[in-house]
Amino acid sequence: MSSNRQESDSAIHEDDAGTVTRSLEERLVDSVKNHDGVSRRAVLGGLAIAGGSAIVGTGATRSDDDTNDSNDETMGFGAPGTYTEEQFDPHGFLREFNTGDSTNERPSRFGENDFGLNAGIYEENGQTVREFNFVAIPIEQEILPGISFPMWTFNGQVPGPTIRVEEGDLVRVNFTNAFPDMGHTIHPHLRNLNPRMDGTPQNGPGLIDSSESFTYEWQAQPVGTHLYHCHMLPLKAHVHRGMYGSMIVDPKPENVRENPRKYIDYHGPITDEVREMAAERARSRNMISHADYSPEGFDGIDEMVMIMNGFDTNFDGDNEVYAVNTRGFCYAPAQTDAFNGEWEAGETKHPIEIDRNELQRVHLLNMIEFDFVNSFHCHSQFFDYYDAGTTLFPNRKTIDTVLMCQAQRGILEFDYSNHEPGLYMFHAHQSEFAELGWMSFFEVN
Ligand SMILES: [Cu+2]
């Protein structure tokens, strides 16, 4: 319908991004041009693209105009320089769970296109309704210091906002497309009973064109860590450009007590003890009903969302930058941190601070495009893994690496209670992804 306009819009964005990337590539390639047999791809892969003049990752080289000795021979991973764009806060995003509660709505950022994400929680026909406002809007967002990427977004951020609801709720999403000339949809990875609400071009309202609106309604089931994404064609473009986010469905302890087999992989007799044990697991997973919930967590549990993504900055069908939550080396010590290889409490600012006495629960999703798989590996500790978060006891115990294709997701649980305070790395165990940005640290205090 609007494919011609769509293509021309894409071409403009791609041309801008391509120009940035080509000049960046030229600088990188020039800096190692005397090395025989070095390809463009090898340069990008080996040097961990740097937005500034410094290059880190191999510690092998630096560009001619780099006069800061502290950048030389770092032998470490990381993005030199400092992120400048303040609109998206990856630390805030990490622990921002939106339940529909409009009393905590953040200020508007998009004028008439922004009606506030959280639109309210209310009862309707005996069911709890959690209502949200979603706006499709194009923006630029930084993926490395000084390097912005033309994103297609839900609510002006990549990843899109994290939605958190309770099993059995009705999720009502008022979707407005604020793009000037491109259609989008929202497709939920839920057990969705109404094909009109599936968010694909062939069903129900189909694509929601420019300036159009549609209200999606989804049943919150099953329990787990799920996702939503745009399902418009070309699908790989709409996913790669950033139109995705997570949707967490918390279990209701009373439902679990009633029918524990639905939530646990257990074939023995259902006793009262089994019911209580399962219900207790449900209680510890249910953030929504915890009155003492705060962004720092609840009940001794610190929860966070990590979405693995990547960016093809020259649009050749191959990613140049990899990340968790969009920014390369997002939660790694930066050169602007008071960090020189020796960790000192309180002197680093970018790693994710965690309390060694708390359980860490990571909702991990893979939304990488172009690469077949992605992975998460944490150093010095092993985790329990719940595939898609749909069971209340782990499917895999005591692993330190998990592999995912696109849209796979799960819950990781671990703690650092026996560990010395300090920095603990986590990263993709595709080494190239790690060197190109998908690497970060926990700061255990
Ligand atoms: Cu789209």
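Numerical summary
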| quantity | calculated |
| --- | --- |
| Kirkwood-based shape ratio for the stretch 224-288, expressed as Rg/Rh from alpha carbons | 1.24 |
| Gap separating the Cα centres of the stretch 378-428 and the stretch 357-374, nearest whole Å | 9 |
| Least to most buried among Ile208, Ile139, Ile163, Ile264 (fewest other Cβ within 10 Å first) | Ile264, Ile139, Ile208, Ile163 |
| Per-residue Cβ neighbour rank within 10 angstrom, fewest leading, Trp152, Trp438 | Trp152, Trp438 |
| Computed label-point distance, nm, for sites Ser102 and Glu86 using a 7 Å Cα→Cβ extension | 2.9 |
| Rough spin-label spacing in nm, given labels placed 7 Å along Cα→Cβ, for Phe372 and Asp299 | 4.0 |
| Fewest-first ranking of Asp302, Asp272, using other Cβ atoms within 10 Å as the exposure measure | Asp272, Asp302 |
| Loop sites in the stretch 167-275: GluC sites (Glu not before Pro), DSSP, at most 16 other Cβ within 10 Å | Glu212 |
| Largest to smallest principal axis extent of the C-alpha atoms in the stretch 301-444, angstrom | 43, 41, 20 |
| Cα-projected label distance for Thr271 with Asn125, points at 7 Å along beta-carbon direction, nm | 4.2 |
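None of the figures in this text is laboratory data; all of them are computed from the coordinates on show. Since the structure is predicted, the reported quantities are computational estimates derived from the model, not experimental observations. Note that each Cβ is placed from the backbone with ideal geometry, even for glycine, and that neighbours are counted across all protein chains shown.
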